[in-house]
1. What's the local net charge at Trp105, with K and R +1, D and E -1, over the other residues with C-beta under 15 Å away?
2. Taking only Cα atoms and a 10 Å spring cutoff, compute GNM fluctuations for the chain and point out the largest among Phe143, Phe73, Phe47.
3. Going out from 0 in 5 Å bins, what whole percent of all Cα-Cα distances in segment 73-157 drops into each bin?
4. Taking the highest mean first, how do the peptides 55-61, 107-113 order by number of other beta carbon atoms within 10 angstrom per residue?
5. Residues with amide H under 5 Å of Thr54's amide H, sequence separation 5 or more or different chain, H placed in the peptide plane at 1.01 Å from N; which?
6. What FRET efficiency do you get for Gln17 and Asn152 if R0 is 22 Å and r is their Cβ-Cβ distance, rounded to the nearest 0.05?
7. Is segment 1-90 rounded, prolate or oblate when judged by the Cα gyration tensor, a ≥ b ≥ c being the square roots of its eigenvalues, rounded requiring a/c under 1.5 and prolate requiring a/b larger than b/c?
8. Anything in the chain that counts as a DSSP H helix reaching 18 Å or more along its axis (C-alpha) with Kyte-Doolittle mean of at least 1.0? List them, would you?
Amino acid sequence: MTPDLDFKHPDYVSIFQRRIDKLMRIRSEPAIVPQLKAYYRENPAQFITDWGVTFDPRLVERNLPGLIPFILFQRQEDWIEWVLDKWRNQRRGLTEKSRDGGLSWLAISLACTLCLHHQGMSIGFGSRKEEYVDRADSPKSLFWKARLFMANLPREFRGGWDAKLHAPGM
């Protein structure tokens, strides 16, 4: 599921190039898009790995870009499967969030992915402060992350999403 990636010395350029190559093949054969959407509907972790991005301004200090492909590691894939199991079986679950584990990005990416592939789905987020949920200029904000994730998906997979129309404050 996850492409080969040395997380200590990542080659993001090659990952983005593979994505561009894949997108060019898709655009040359647009009839396959419905099949891909059906596949991603059942495999949201693969959708995130294939097309998702995340952002970490601290990477710039290491001469890496801040915007990078969201390549899931096994524990993140396991968490997604756990959430999907809870959702499909209508059971509750709780995740303790630690700092710098990527859970905010993971939850937002999964929420965006599920909403794109399940008509009429609604997922909510909350925090102890409004600014942590939605502040348009803050990468700490959950909805800022969602907007970035959505804006960087290929148009074929955005479901018609437009930031100006579909992403007003809160």
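The values are calculated or read from the model by the stated rules, or taken from the named source; none is laboratory data. The model shown is predicted, which means the values in this text are computed figures rather than measured ones. Cβ: placed from backbone, ideal geometry, glycine included. Neighbour counts: every protein chain shown. Just so you know, the surface numbers come from the protein's heavy atoms only, side chains and all, with ligands and any DNA or RNA stripped out. Shrake-Rupley method; radii C 1.70, N 1.55, O 1.52, S 1.80 Å.
1. Neighbour charge sum, excluding Trp105 itself: +4.
2. Residue with maximal mean-square fluctuation among Phe143, Phe73, Phe47: Phe73.
3. Computed distribution, short to long bins: 3, 12, 22, 26, 21, 13, 3, 0.
4. 107-113, 55-61
5. Here the answer is Ile68, Phe70, since their amide H atoms fall under 5 Å of that of Thr54.
6. 0.90
7. The shape class here is oblate.
8. 103-117
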